[in-house]
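J.: Have a look at this one.
The values are calculated or read from the model by the stated rules, or taken from the named source; none is laboratory data. Here the structure is a predicted model, which means the values were calculated and not measured. Cβ placement follows ideal geometry from the backbone for every residue including glycine, while neighbour counts extend to all protein chains displayed. In case anyone asks, the SASA skips ligands and DNA or RNA and just uses the protein heavy atoms, side chains included. Shrake-Rupley method; radii C 1.70, N 1.55, O 1.52, S 1.80 Å.
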Amino acid sequence: VRAVVEAMGGTVGWIGSSETVVMNMDGKSLNLQIGSKTAWSGAGGQYSMDVAPILVNDRTMLPIRFIVEYFDGTVSWADATQTVTIQYAS
């Protein structure tokens, strides 16, 4: 996720004490906590996700489609080539 969000012009941070990922881009912020299916914005909004973020081998796994779409990007899947395409226009 860090590579995608940073390529879109955003930043990604980690708050270890609460196991929370904090992302900021274009004046919007998004927070996701390990084990929680609820994300929240800096403006106080709450959002339900299909899956909760998890830790795997000291790596944080996050739902990329949810994050990209929150920051107004699009995600598409090409079944024929098994390819994910992420688009974002800043």
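J.: Would region 30-37 turn up any residue that is of a type in the set (A, V, I, L, M, F, W, C), in contact (Cβ under 8 Å) with a residue 40 or more places away in the chain and outside any loop (DSSP other than H, G, I, E, B)?
T.: yes
J.: Moving to a separate point now. Could you check Leu55 against (1) surrounded by 15 or more Cβ atoms within 10 Å (Cβ to Cβ); (2) of a type in the set (A, V, I, L, M); (3) in a strand (DSSP E or B) and say which number it fails?
T.: (1)
J.: Given (1) surrounded by 11 or more Cβ atoms within 10 Å (Cβ to Cβ); (2) β-branched (Val, Ile, Thr); (3) touching a strand residue (DSSP E or B) at 6+ places or on another chain (Cβ under 6 Å), where does Thr85 come up short, assuming only one miss?
T.: The single condition Thr85 does not satisfy is (1).
J.: Across region 60-90, what is the total count of residues that are more than 24 Å from Lys28 (Cα to Cα) and within 15 Å of the chain's Cα centre (by Cα)?
T.: 0
J.: On to the next question. Does Val75 satisfy the criteria of being open to solvent by less than 30 Å² (accessible area, probe 1.4 Å), in a helix (DSSP H, G or I), of a type outside the set (Lys, Arg) and within 19 Å of Tyr88 (Cα to Cα)?
T.: No, not satisfied.
J.: Within region 20-50, count every residue that is over 15 Å from Phe71 (Cβ atoms) and surrounded by fewer than 11 Cβ atoms within 10 Å (Cβ to Cβ).
T.: 5
J.: Give me a count of the residues in region 1-19 that are surrounded by 17 or more Cβ atoms within 10 Å (Cβ to Cβ) and more than 15 Å from Ser90 (Cα to Cα).
T.: Number of matching residues: 2.
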